[in-house]
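Comments concern the structure below.
Read-outs: derived from the displayed coordinates by stated rules, not from any lab. Since we're looking at a predicted model, the values are computed, not measured. Cβ sites come from the backbone with ideal geometry, for glycine too, and all protein chains shown count toward neighbours.
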Amino acid sequence: MSSTTLLTLEQFEQLPEGGVQYELKDGELVRLGTAKTGHERTKFWILRCLIAYILQHPIGEVYSESSFALSPSRVCIPDVSFLRGELVAKADPGHIFLCPPDLAIEVVSESESALDLRQKIEEYLDAGTKAVWALYPKLRVIAVYDRTGVKELRADQILEAPDILPGFQARVDEFFA
């Protein structure tokens, strides 16, 4: 019988920066896979849309692959995230974010299991994330999860997040250019 050494949040923060990325799930390290070109291009288009919005509406900051502690034993790294200004101001630059993002965005890879993704979305929402966008590049679909449920958007439909990003609007197609 083998035993697994569980890490605390403090131990997780001591991992070396750069190189292999890990999340923390129930105290165990979970190695993240290497993103393919299509995944990275989708992230680019998400970042492009959100940064353009933030430059016009400076209400917070947009991040790519930043670590967020959802609990003492759970750290997630969304592909893209948004954090409102007052939480950014409280963040300690010497630590990972010790709060959930207001908006977590996951680009869904073909290798990602539906169960793992769904559990991660629930963990974000349970920790206080206001919404999670799951982007499916092959299907060109965005699933928007929040406390009220899930809504799927396609093609020329408009993605909005009035409670998080007031005035933000983008056609779903813009994320899959």
For the chain, the longest principal axis of the Cα atoms and the Cα long axis of helix 114-127 enclose an angle in degrees, to the nearest 10, of 90 degrees
Fewest to most Cβ atoms within 10 Å: 63, 22 sort as 22, 63
Going from the fewest other Cβ atoms within 10 Å to the most, one would list 24, 139, 9 as 139, 9, 24
Relative to the chain, whose Cα atoms define the longest principal axis, helix 37-56 and its Cα axis are tilted in degrees, nearest 10, by 70 degrees
Quick shape check on the range 1-92: root eigenvalues a ≥ b ≥ c of the Cα gyration tensor, a/c under 1.5 is rounded, otherwise prolate if a/b tops b/c, else oblate, and it reads oblate
With the 8 Å Cα cutoff and a minimum separation of six or more residues, the range 35-176 has a relative contact order in percent of 19 percent
Expected max-MSF residue from 16, 72, 100 in the GNM of the chain (alpha carbon, under 10 Å) is 16
DSSP beta bridges in the range 35-176: the antiparallel percent, rounded to 5, is 80 percent
Distance in nm between residue 20 and residue 174 label points, each 7 Å along Cα→Cβ, equals 3.9 nm
